[in-house]
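Reading through the structure tokens given below for one structure.
The values are calculated or read from the model by the stated rules, or taken from the named source; none is laboratory data. Keep in mind that this is a model prediction, so the values were computed, not measured. Heads up, the Cβs are rebuilt from the backbone with ideal geometry, glycines too, and the neighbour counts pull from every protein chain shown. For accessibility, only protein heavy atoms count, side chains too; no ligands or nucleic acids. Shrake-Rupley method; radii C 1.70, N 1.55, O 1.52, S 1.80 Å.
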Amino acid sequence: MTTVVYFDGAMASDSKYGNNFSGVDGFPNIPKVITYKNGNCEFICGCSGASNLMALAQDFFAFHFVNLSMENIGELIQELSSIIGSYVTEKQATSNHTLLELLLVIDGKVKVFYYNYGSNILLNPDQFPAIGSGSRYVKEVILTQKSLIELVQYAINKDSNSGGIIYTTGKISPNQPVSEAMVIEGAIKTKFLEQLDAMYA
């Protein structure tokens, strides 16, 4: 359903999405990677999974912008866990897929979480710095020291559920066909979930 990778100090994702809001596909107006910069830290959220839950996660972290820090992440994940179930659709509730994966980087420290319906958002015991359906392909080549963009492109080439433009938090060279990931530097209210609901109302 996607590929999100953190490597060599930056995060990048593909931009391919499905069209089914009721299922576990994505939606093209939901950024997979956002950098939140406040006075406490640089917080990067990469997400994959169900589009409505991706939207919820990005809106949630934007809402809690001033509280984003390594010290508060456990508390924030617990709060997100307490509300996420009410946003799951009936179809998603019967799915055996992982509904949401979060790749969080807080001042360079990586945390990987996952969510299945009926449980809390849990720390992934693997903690491999890639999520989504393309992450298994990243595992194949990450030890060859490819660049971040090459890792995502490799996954796109192997994974039929990944594709499109690559978005990155890293520096972009003139010859790279990639775009800059979204950066939020103030306490603003994002409306990703609201926009998604409006589309399917």
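Once fully extended, how much extra length lies between ASN96 and MET182, figured as 0.36 nm per residue of separation less the alpha-carbon to alpha-carbon distance? Using 0.36 nm per residue and subtracting the Cα-Cα distance, I get 27.9 nm.
From the list (i) 0.95; (ii) 1.41; (iii) 1.70, can you say which value of Cα Rg over 2.2 N^0.38 Å was derived from the structure given? Among (i) 0.95; (ii) 1.41; (iii) 1.70, the one derived from this structure is (i). Share of carbon and sulfur in the accessible area of segment 3-185 stands at 47%, probe radius 1.4 Å.
Computed on segment 3-185, with alpha-carbon pairs under 8 angstrom and 6+ residues apart, the relative contact order is 31 percent. Considering helices alone, the calculated mean residue ellipticity of the chain at 222 nm is -8000 deg cm²/dmol, with DSSP H runs of length four and up weighted by -39500 (n - 2.57) and normalised per residue. The modelled label-to-label distance between GLU79 and ASN120, using points 7 Å beyond Cα along the C-beta direction, is 1.6 nm. For the chain, the solvent-accessible area with a 1.4 angstrom probe is 48 square angstrom per residue.
Neighbours of ILE106 by Cβ distance under 11 Å: Lys/Arg scored +1, Asp/Glu scored -1, total -1.
The residues packed around LYS191, meaning those with a beta-carbon under 11 Å from its beta-carbon, carry a net charge of -2 if Lys and Arg are +1 and Asp and Glu are -1.
The lysine pair tally for segment 3-185, using Cα distances under 24 Å and a gap of 8 or more places or different chains, is 27.
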